[in-house]
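Asker: Here it is, the structure, as structure tokens.
The values are calculated or read from the model by the stated rules, or taken from the named source; none is laboratory data. Since the structure is predicted, the reported quantities are computational estimates derived from the model, not experimental observations. Glycine also receives a Cβ, built like all others from the backbone with ideal geometry; neighbour counts cover every protein chain displayed. Just the protein is used for accessible areas: all its heavy atoms, side chains included, with ligands, DNA and RNA removed. Shrake-Rupley method; radii C 1.70, N 1.55, O 1.52, S 1.80 Å.
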Amino acid sequence: LILHSSPLPLYCCKTVRKMKCRINPGNNENCFVPISEIIAVEETEFNKKQRNIGRWQKMAKLHAFTVHYVKKARNHRWRCSAATFWCVDEHLCNQWTQALKELLEMQKSRPKQLLVYINPFGGKRQGKRIYEQKVAPLFSLASISTDVVVTEHANHAKDNLFEVNIYKYDGVVCVGGDGMFSEVMHGLIGRMQKDSGIDQNNPKASLVQCNIRIGIIPAGSTDCICYSTVGISDPVTSALHIIVGDCQPLDVSSVHHNDTFLKYSVSLLGYGFYGDILKDSEKKRWMGPMRYDYSGFKTFLSHHYYEGTIAYQPAKHTHGSPRDKVSCRTGCYICKQSEKQLAEQNKEHGLKKEEGEEEWKVIKGKFLAINAVNMSCACPRSPKGLSPAAHLADGSADLILVRKCSRFDFLRYLVRHTNQDDQFDFPFVDVYRVKCFQFTSKLSEDNESNVMDVGKKRFGQFCRDHPACCCNIVNSTWNCDGETLDSSAIEVRVHCQLMKLFARGIEEDCKDEAGHSQSSIEQLL
Ligand SMILES: Nc1ncnc2c1ncn2[C@@H]1O[C@H](COP(=O)(O)OP(=O)(O)OP(=O)(O)O)[C@@H](O)[C@H]1O
């Protein structure tokens, strides 16, 4: 066995004289584990009957310790594996155990105490079982102590986060879907602002960063945030990312209406198509996760478009563009550079001055969908997501405008989310990387400019494009990370790296890595 300072390679070599290691019984192979990916080290009662240990069988007493470590499988899946080392020298065995435990103690980013919220009704109602059977045993193996709250109603976790002493925890874990994550995020960010005396209703306020990390154990019907930040929706993988103390900063968009705070968003803010799907699916909760397919199909057939005006400020501080071929990956260079750039700009000019000076670009039109995404929004059905090159932490959002087009063209656009073709390569699709934007629907513009027109307000405005069908032009609804917003006129601002997750972004395959860095360099040149 050879011990390097960091990382520590664990060699299970036959040439080692004094100690032997067995990884996956029956498979004596060499293995390299960085200290950062060791889950726990524990003394082991060596059971001679269990293993054929050759000449060691003749020895009177064997001493052993087991190293539990992260084993990386395909598709970003992580598993807990174990290697048991044994020898006859008790002192040597203790020395090893002690040395490894000390090295683990030095991993300061690892959480020791966590606050866990479980939504027992999320997804297929398996949250409690998933936590108890798959996650809790791993936390206990890693000596993480937990306070567990099984939620009793919606907003239980959010309200609780305003009351508990959150500063004694190294992180908050939510077991559920994107809705549960959103609730915990609102509780945590809201609590931070409250404790710092920041008014969330001020759309221009510089929000205080939240340094308590959130871990997501996926157990909902939509686990898009987990998928986009870890690469897979898998409770064990997520638990292991929490245990090793990973940290992934995340941009958060604040959404306001007339100086009133509405919500925060980290994944999708969608008006039109995705707003309508959500609104319809809410009425069909009894259908379970199937409701999204049903409402998706129905909304596609209805083919509604909405008139409105978008004003946005481009994100000039970031090097990337939504049409890049390079995606955001672990340790992303573009995210790091963008954060530095923004910090410098804010130091020099102050946030308000800088935003006030920059010009707003204005687009009016008829849209089938308006989507603003802070991350790729990848999910198993659309592994590259709504905006494949969106970054997790570059202080920008990708604003995607899908203008009125035929049903067939819209279908072509949707299908491209599932294949390798560029979904932005259509004349009716525009995409911009922005740091803030505002949207006003035609209907609310008309209503504002004509408040005295009572009849119009009462009966709605009749569709001018389809007079025969007399369909009512109503506003669509904003879908904010899976929750509906009450207002269609909104003001959105991206807050760079406002919060942190127990994740590391999506890891590149070793094979892909060379290609990625090559293309990154080409991109930058
Ligand atoms: N005990 C509870 N009873 C009812 N609702 C709850 C409870 N705990 C949390 N919630 C709410 O349930 C919503 C959905 O939860 P979650 O995201 O975990 O499941 P989901 O099935 O993926 O959600 P969705 O139905 O939005 O796809 C959240 O917005 C959360 O506020």
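Asker: With the requirement that a residue be open to solvent by 70 Å² or more (accessible area, probe 1.4 Å), without any contact (Cβ under 8 Å) to a residue 12 or more places away in the chain and either assigned to a helix (DSSP H, G or I) or more than 10 Å from the ligand (Cβ to nearest atom) (or both), what does the stretch 127-155 give you?
Answerer: Answer for the stretch 127-155, where residues must be open to solvent by 70 Å² or more (accessible area, probe 1.4 Å), without any contact (Cβ under 8 Å) to a residue 12 or more places away in the chain and either assigned to a helix (DSSP H, G or I) or more than 10 Å from the ligand (Cβ to nearest atom) (or both): Arg129, Glu132, Gln133, Ser140.
Asker: Return the total of residues in the stretch 67-92 being assigned to a helix (DSSP H, G or I) and in contact (Cβ under 8 Å) with a residue 60 or more places away in the chain.
Answerer: 3
Asker: For Asp159, state whether it is of a type in the set (Asp, Glu), farther than 21 Å from Val135 by Cα and within 14 Å of the ligand (Cβ to nearest atom).
Answerer: Taking the combined requirement at face value, the residue satisfies it.
Asker: Pro111: away from the ligand (no atom under 16 Å from the Cβ), outside any helix (DSSP H, G or I) and of a type outside the set (Phe, Trp, Tyr), yes or no?
Answerer: yes
Asker: Just wondering, is there one or more residues in the stretch 165-175 that are under 28 Å from Asn258 (Cβ atoms) and either within 22 Å of the chain's Cα centre (by Cα) or near the ligand (Cβ under 8 Å from one of its atoms) (or both)?
Answerer: As a first pass, look at the stretch 165-175 and keep what is under 28 Å from Asn258 (Cβ atoms): none.
Checked against the condition, which is being under 28 Å from Asn258 (Cβ atoms) and either within 22 Å of the chain's Cα centre (by Cα) or near the ligand (Cβ under 8 Å from one of its atoms) (or both), the stretch 165-175 yields no hits at all.
Asker: Tell me, yes or no, whether the stretch 257-277 has at least one residue that is within 15 Å of the ligand (Cβ to nearest atom), crowded, with 23+ Cβ neighbours inside 10 Å and within 26 Å of Ser140 (Cα to Cα).
Answerer: No, the conditions are met nowhere in the stretch 257-277.
Asker: Answer yes or no: is there a residue in the stretch 163-170 that is part of a strand (DSSP E or B) and either buried (at least 19 other Cβ atoms within 10 Å of the Cβ) or of a type in the set (S, T, N, Q) (or both). Give the derivation first.
Answerer: Here is the first cut: in the stretch 163-170, the ones part of a strand (DSSP E or B) are none.
No, the conditions are met nowhere in the stretch 163-170.
Asker: If I go through the stretch 178-195 residue by residue, how many of them are within 13 Å of the ligand (Cβ to nearest atom), open to solvent by less than 10 Å² (accessible area, probe 1.4 Å) and small (Gly, Ala, Ser)?
Answerer: Count: 2.
Asker: Looking at the stretch 74-87, is at least one residue within 31 Å of the chain's Cα centre (by Cα), at positive phi and more than 16 Å from the ligand (Cβ to nearest atom)?
Answerer: Within the stretch 74-87, one or more residues are within 31 Å of the chain's Cα centre (by Cα), at positive phi and more than 16 Å from the ligand (Cβ to nearest atom).
Asker: Further question: When the residues of the stretch 201-221 are narrowed to those that are out of contact with any Leu (no Cβ under 8 Å at 6 or more places or on another chain) and surrounded by fewer than 22 Cβ atoms within 10 Å (Cβ to Cβ), which ends up nearest to Val135 (Cα to Cα)?
Answerer: Here the residue is Ser221.
Asker: To continue, here is another question. Sort out which residues of the stretch 238-251 are within 14 Å of Val173 (Cα to Cα) and either within 16 Å of the ligand (Cβ to nearest atom) or of a type in the set (S, T, N, Q) (or both), and write them in order of number.
Answerer: Ser238
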